[in-house]
1. State which residue is surrounded by the fewest Cβ atoms within 10 Å (Cβ to Cβ) when the search covers only the range 33-56 and only residues that are assigned to a loop (DSSP other than H, G, I, E, B) and in contact with a strand residue (DSSP E or B) (Cβ under 6 Å, 6 or more places away or on another chain).
2. Here is a list: Arg220, Arg210. Which entry is touching a Phe, Trp or Tyr at 6+ places or on another chain (Cβ under 6 Å) and touching a residue at least 24 places away in the same chain (Cβ under 8 Å)?
3. When you scan the range 107-126, do you find a residue that is among the hydroxyl-bearing types (Ser, Thr, Tyr), more than 24 Å from Gly40 (Cβ to Cβ) and surrounded by fewer than 24 Cβ atoms within 10 Å (Cβ to Cβ), even just one?
4. Any residue in the range 160-174 that's touching a residue at least 12 places away in the same chain (Cβ under 8 Å) and over 17 Å from Val269 (Cα atoms): show its pairings with residues that are among the hydrophobic types (A, V, I, L, M, F, W, C) and part of a loop (DSSP other than H, G, I, E, B) at Cβ separation under 8 Å, as long as the two are six or more apart or on different chains.
5. Answer with yes or no whether Thr365 is over 30 Å from Pro60 (Cα atoms), touching a Gly at 6+ places or on another chain (Cβ under 7 Å) and assigned by TED's automatic domain parsing to the domain that holds Phe307.
6. Quick test of your reading of the structure: Leu268 fulfils all but one of (1) hydrophobic (A, V, I, L, M, F, W, C); (2) in a loop (DSSP other than H, G, I, E, B); (3) touching a strand residue (DSSP E or B) at 6+ places or on another chain (Cβ under 6 Å). Name the failing condition by number.
7. I need a count of the residues in the range 429-466 that are within 26 Å of the chain's Cα centre (by Cα) and either of a type in the set (D, E, K, R) or in a helix (DSSP H, G or I) (or both).
8. Taking the range 307-331 as the region of interest, how many residues are crowded, with 19+ Cβ neighbours inside 10 Å and farther than 22 Å from Ala348 by Cβ?
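The values are calculated or read from the model by the stated rules, or taken from the named source; none is laboratory data. Since the structure is predicted, the reported quantities are computational estimates derived from the model, not experimental observations. In this analysis, Cβ positions are derived from the backbone assuming ideal geometry, glycine residues included, and neighbour counts consider all displayed protein chains.
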Amino acid sequence: MLRSFLLLLALAVAPGALAQGFPSTPPEPGPPRAFELPEGETFALDNGIDVTLVPYGALPKATVYAVVRSGNVDEAPGQTSLADLMTGLLTEGTTTRSAEAIAGQAADLGGSISAGAGLDQTFVTSRVLSEFTPDAVRLVADVLRNPAFPDDAFERVQRDQVRGAAVARSQPGTLARAAFSRALYGDHPYAAVVLPDPAQIEAATVADARAFYDATVGPRRTRLYVVGQFDAGAVERAVRDAFGDWAGGPAPSDPTPPTATDGRRVILVDQPGAAQSNVTIGLSTIDPTADDFVALQVTNALLGGSFGSRITRNIREDKGYTYSPGSSVSTRFRNAYWAEQAAIQTPATGPAISEILYEIDSLATTAPSAEELEGIQNYLAGTFVLQNSSPGGIASYLAFLDLHGLGRDYLESYVERVYAVTPEDVRRVTEQYLRGDDAAIVVVGDRSVVEDQLAEFGDVTIETVE
């Protein structure tokens, strides 16, 4: 009984005693440290494949990441999603392994394997336990070099693609992005891929997928990244053995970037009865090779690209027009655009657009305070280090650097350059690259309610969902 009483007394006294010995608020966190990329090894095979090996991390895991300069940008008119059909078949069987054998071996290696297509790149990725990294290299090589393109798998992948394209056409956010991309890029593949045409996917054949592979995939367009914990000597031997005799394929080629159009355009995609208006506002801007690109990313985070950004505080916290607005800088080869996206309550569509344009114009004329900028810099630097703290994250970012022709120092000096951005840089970047008068304004919503609200922003072009 006495022991219980003393324990209760100690618990009652403890908070006051602790309060006397410790500060009431935690100390301010220091700025994130610069990202440090471990020394690695880069070499080239005789057939043109560049290989980068980077030891990283303490966990016994590794990522094998094969990247080919081939993607949706290589699709001809009428071939929407052919790159996705092709990559969807890569793990469905090779000339030596069935789909079940591929998945089974990846599991035996303690990991997985996947393939996919992007706008400018195709990838095959395997994440495995460290001791099996050489085996993962051989498996990735087989999947990339020797796809069988089985007819039965093609039919299944094709059905999935058709179903996905049909679902995309029912999503207001996707419709807004598609109309926005058409406004910027016209009939360029960068625009067409946002909203694939189910009829075009249905018309594709397995021979088309094979022909696309033959025309766009080969050793001279391929780079291989291995990041994590692994035996470098054993991995290099596996790379040379598995990839060294790969021959043929297309020569390296840089696609012609689109000529994006600027100038205020107001586009309304009619969706009768819509309870919300899906809004996209943006314009073409500088790509990662530009000197101001990091400053643009900082500006984006301050303007609309973080939870504490100005646009978010305005139309979400203060006005309650939307729940989850956000802006981003979306990059592709030698091209990029900035866009703010939000699902807005239909009656507030016009007022919300006015507030977004107001925040752009305000930042273009008045520099932010040093305190506001510092908070954004801490956020951006911290998330950058966090996103690149895994083998997969590092491999993906190295591929990004190589796509844009940027050196490894870009990765290591990124945090430093984030903190080098000044308030005046933010104002200047906004004025120069995020011009509200040149922004395309796209709204997917109920025309009967929204059209009059849009008239103040310019002549309204009406589109319908096909």
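1. Kept after step one, since they are assigned to a loop (DSSP other than H, G, I, E, B), are these residues of the range 33-56: 33-40, 45-49, 56.
Cutting the leftovers down to in contact with a strand residue (DSSP E or B) (Cβ under 6 Å, 6 or more places away or on another chain) gives us 38, 40, 49, 56.
Numbers: Pro38: 10, Gly40: 17, Ile49: 21, Tyr56: 22.
Filtering first and then ranking leaves Pro38.
2. On the way: Arg220 fails: touching a Phe, Trp or Tyr at 6+ places or on another chain (Cβ under 6 Å).
Step by step, each of Arg220, Arg210 is checked, and only Arg210 is touching a Phe, Trp or Tyr at 6+ places or on another chain (Cβ under 6 Å) and touching a residue at least 24 places away in the same chain (Cβ under 8 Å).
3. Start the filter on the range 107-126 by keeping residues that are among the hydroxyl-bearing types (Ser, Thr, Tyr), which leaves 112, 114, 122, 125-126.
The next check asks that each one be more than 24 Å from Gly40 (Cβ to Cβ); those that pass are none.
So far as the range 107-126 goes, no, none of its residues is among the hydroxyl-bearing types (Ser, Thr, Tyr), more than 24 Å from Gly40 (Cβ to Cβ) and surrounded by fewer than 24 Cβ atoms within 10 Å (Cβ to Cβ).
4. Ala165/Leu195
5. Values: over 30 Å from Pro60 (Cα atoms): yes; touching a Gly at 6+ places or on another chain (Cβ under 7 Å): no; assigned by TED's automatic domain parsing to the domain that holds Phe307: yes.
For Thr365, the condition - over 30 Å from Pro60 (Cα atoms), touching a Gly at 6+ places or on another chain (Cβ under 7 Å) and assigned by TED's automatic domain parsing to the domain that holds Phe307 - is not met.
6. Leu268 satisfies all of (1) hydrophobic (A, V, I, L, M, F, W, C); (2) in a loop (DSSP other than H, G, I, E, B); (3) touching a strand residue (DSSP E or B) at 6+ places or on another chain (Cβ under 6 Å) except (2).
7. So the count comes out to 8.
8. Selection size over the range 307-331: 2.
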